[in-house]
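Chemist: Here it is, the structure, as structure tokens.
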Amino acid sequence: MADIGHSAGCPFHKGEREAQRRAGAGDVAAWAGDFIRDHMPDQHRDFFADLPFLVLAGADAAGRVWVTLVDGPEGFVRSPSPRQLTLETGVDPHDPLHGAFQAGTEVGMIGISLATRRRNRMNGMIRPTPAGFAIDVRQSFGNCPQYIHERVVKRVAAQQPTTSHVSDNLSDDQIGRIRAADTIFIGSGHAGSGPSGGYDASHRGGAPGFVEVADDGTLSIPDYAGNNFFNTIGNLLEAPEIGLVFVDFNTGGLLHVTGKACIDWHPKPGDEPAAQRAIRVTVDQVIDRPAALGLRWSQDINAVRPLRVARKIKESDSITSFHLVPLDGVPLAPFRAGQHLPVEVEMPGEAGVLQRAYSLSGPPGAEGYRISVKREPQGAVSRYLHDHVGVGDQIAARVPAGEFVVPDGNGPLVLVSTGVGITPLLAMLHAILADTPGRLVWFVHGTRDGRDHAFAAEVGALAARYPNLVRTTYYSTPGPDDQRVVNFDHRGRITAQALAALNAGEEAIFLLCGSAPVVGSLRSDLEASGVRADRIQFELIGAKA
């Protein structure tokens, strides 16, 4: 995992930097440290405390890396301080990390809510306590909701620890379970002193069968577009030891795998089309633990509704809006401005349904949903929507979700977006002006030029109608047509100094949405200029496959 902030020097170890270089991710270190803290923000503390389970990664006494899930009764996770979590639970002696937890070791952790599609990561030192365990936090950062399959969890009656089945290779039954899985958790580690040492737990999701099993038992895990930190792949470049766990959501069983990994930077034509790389895993040992957890998960098939595309509107050279209405006439589930819509797309040539999440850009309370999708050059789903889905076609969707919403109250708001990051903030703008028409709001948007400027007329009409709305537009590279007919206010990029010059007041809340480098820089510079961290909220818009 990464070091903490810019003050600690380069925020990534050598393996992560090499992975970023090979992937062409650019200078990730220049902005990523702004998202990595040496403590948990209050949002993360509250999030972890509400979870029914945590995913933990570490190593056993032989140095083999494993991943496991730890569950407990309601409220078993607590956060007495921003730098500590406590877990009031035990660990099954058959768990491959039981001995490591008892001894007190480095761990990586991911907290994930499958129902709300949220996840946050951290790492630190775990140690036993009279009530269970404590984790002393070293690093904490958030993750986007991509590739999370929505499930509802319930607790069942506690069971006695089960026996485990240990082997050196996968059985036919275990291979079948892996090929049916749509979710796995990965553990990796990097030895070394300082904040860059330790372990990392991460999540991967895809259509059932996205993890392939070769005839020789080797596993192949596709690596999709993500946050460009490359914690997992960077660790594996330095130390090939890897741990995997597959969850049987119907029975609570855990299938643990440990082995060695290598990175395939050029996946073969038969591999997952959206994969940018692949992790190839040679299995060393398998531990199969039936009914290991007191949790069961289910997918509500009724939560997926087929929606009809009523209108398809080109908003800019790269962004197209899809207006979705119900097929059966039953009103759609309401949403809060800023939330996203999980969609499921069936594409020719794909074995299963592909899941993506796109921000809702239209006003809450409208008869239908509007999602606005940027066409990504390497994005299989976004290209399919742009090129093949038209008026009258269907898109399946789940209930809107997400925590990036309009703050309560009547205080001033500064909405700041770049590129396709405008989409959730546009929905927020509609809601603010409709629900609190006297609330002061600044709408600051940056884009490349007029051809890339989405929703210019829509925002302009709102600005003309509402005197409490101040609109400011930045073009980084305006074209000749933009020079002749001025469609923007400033040439260049949005800066924290320019935002401070708006004089929105000490109680103003800044809502930022855009690419990670832009949001990270603005967030850091705003804090440096005196804006309190609790007055800055953000959502990252990354490349979607």
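The values are calculated or read from the model by the stated rules, or taken from the named source; none is laboratory data. Everything numeric in this text was worked out from a predicted model, so none of it was measured. Here Cβ is always computed from backbone atoms with ideal geometry, including for glycine, and neighbour counts include all displayed protein chains.
Chemist: Name the strands (runs of 3 or more DSSP E) wholly within segment 221-322 that hold at least 2 residues that are closer than 30 Å to Ile541 by Cβ and either of a type in the set (A, V, I, L, M, F, W, C) or modelled with pLDDT under 90 (or both)?
Modeler: Values: elements: 241-248, 253-264, 277-289, 295-298, 305-314.
Strands (runs of 3 or more DSSP E) meeting the threshold: 241-248, 253-264, 277-289, 305-314.
Chemist: Next question. Can you name the residue in segment 376-398 that is surrounded by fewer than 16 Cβ atoms within 10 Å (Cβ to Cβ) and assigned to a loop (DSSP other than H, G, I, E, B) and, of all such residues, is nearest to the chain's Cα centre (by Cα)?
Modeler: Only one residue fits best here, namely Gln378.
Chemist: For the subset of segment 447-494 comprising residues that are small (Gly, Ala, Ser) and assigned to a loop (DSSP other than H, G, I, E, B), which member is farthest from Ile319 (Cα to Cα)?
Modeler: The selected residue is Gly492.
Chemist: Another question, if that's okay. From Ile509, Ile494, grab the single residue that is more than 25 Å from Phe229 (Cβ to Cβ), touching a residue at least 60 places away in the same chain (Cβ under 8 Å) and not polar (S, T, N, Q).
Modeler: Ile509
Chemist: While we're on this one: Ser417 - would you say it is over 22 Å from the mean Cα position of the chain (by Cα), at pLDDT 95 or above and under 29 Å from Thr473 (Cα atoms)?
Modeler: no
Chemist: May I pose another question? For the subset of segment 120-136 comprising residues that are of a type in the set (A, V, I, L, M, F, W, C) and surrounded by 23 or more Cβ atoms within 10 Å (Cβ to Cβ), which member is farthest from the chain's Cα centre (by Cα)?
Modeler: Of everything passing the filter in segment 120-136, Ile126 is farthest from the chain's Cα centre (by Cα).
Chemist: Can you tell me which residue among Leu69, Leu97, Leu114 is modelled with pLDDT under 95, among the hydrophobic types (A, V, I, L, M, F, W, C) and more than 20 Å from Met40 (Cα to Cα)?
Modeler: Exactly one of Leu69, Leu97, Leu114 is modelled with pLDDT under 95, among the hydrophobic types (A, V, I, L, M, F, W, C) and more than 20 Å from Met40 (Cα to Cα), namely Leu114.
Chemist: Name every residue in segment 349-375 that is part of a loop (DSSP other than H, G, I, E, B) and either under 16 Å from Gly402 (Cβ atoms) or touching a helix residue (DSSP H, G or I) at 6+ places or on another chain (Cβ under 9 Å) (or both), in order of residue number.
Modeler: Correct list: Glu350, Ser361, Gly362, Pro363, Pro364, Gly365, Ala366, Arg375.
Chemist: Among the residues of segment 73-86, are any among the aliphatic types (A, V, I, L, M), in the same structural domain as Ala239 (by TED's automatic domain parsing), assigned to a loop (DSSP other than H, G, I, E, B) and at pLDDT 95 or above?
Modeler: So far as segment 73-86 goes, no, none of its residues is among the aliphatic types (A, V, I, L, M), in the same structural domain as Ala239 (by TED's automatic domain parsing), assigned to a loop (DSSP other than H, G, I, E, B) and at pLDDT 95 or above.
Chemist: Somewhere in segment 163-175, is a residue touching a strand residue (DSSP E or B) at 6+ places or on another chain (Cβ under 8 Å), part of a helix (DSSP H, G or I) and either buried (at least 17 other Cβ atoms within 10 Å of the Cβ) or modelled with pLDDT under 95 (or both)?
Modeler: Within segment 163-175, one or more residues are touching a strand residue (DSSP E or B) at 6+ places or on another chain (Cβ under 8 Å), part of a helix (DSSP H, G or I) and either buried (at least 17 other Cβ atoms within 10 Å of the Cβ) or modelled with pLDDT under 95 (or both).
Chemist: Quick one: count up the residues across segment 14-61 that are closer than 22 Å to Leu85 by Cβ, aliphatic (A, V, I, L, M) and either without any contact (Cβ under 8 Å) to a residue 60 or more places away in the chain or out of contact with any helix residue (DSSP H, G or I) (no Cβ under 7 Å at 6 or more places or on another chain) (or both).
Modeler: Residues meeting the conditions: 8.
Chemist: Please go through segment 503-541 and give me each residue that is assigned to a loop (DSSP other than H, G, I, E, B) and either β-branched (Val, Ile, Thr) or surrounded by fewer than 16 Cβ atoms within 10 Å (Cβ to Cβ) (or both), ordered by number.
Modeler: Residues satisfying the conditions are Asn503, Gly505, Glu506, Glu507, Ser529, Gly530, Val531, Arg532, Ile541.
Chemist: Condition first: under 15 Å from the mean Cα position of the chain (by Cα) and in a loop (DSSP other than H, G, I, E, B). Now tell me which residues in segment 104-119 satisfy that.
Modeler: Leu114, Ala115, Thr116, Arg117
Chemist: Of the conditions (1) under 25 Å from Gly142 (Cα atoms); (2) surrounded by fewer than 23 Cβ atoms within 10 Å (Cβ to Cβ); (3) of a type outside the set (Gly, Ala, Ser), His445 clears all except one; give me its number.
Modeler: Answer for His445: the failing condition is (2).
Chemist: Suppose the filter is outside the structural domain of Val211 (by TED's automatic domain parsing), closer than 23 Å to Asp223 by Cβ and in contact (Cβ under 8 Å) with a residue 12 or more places away in the chain; does Arg356 pass it?
Modeler: Yes, satisfied.
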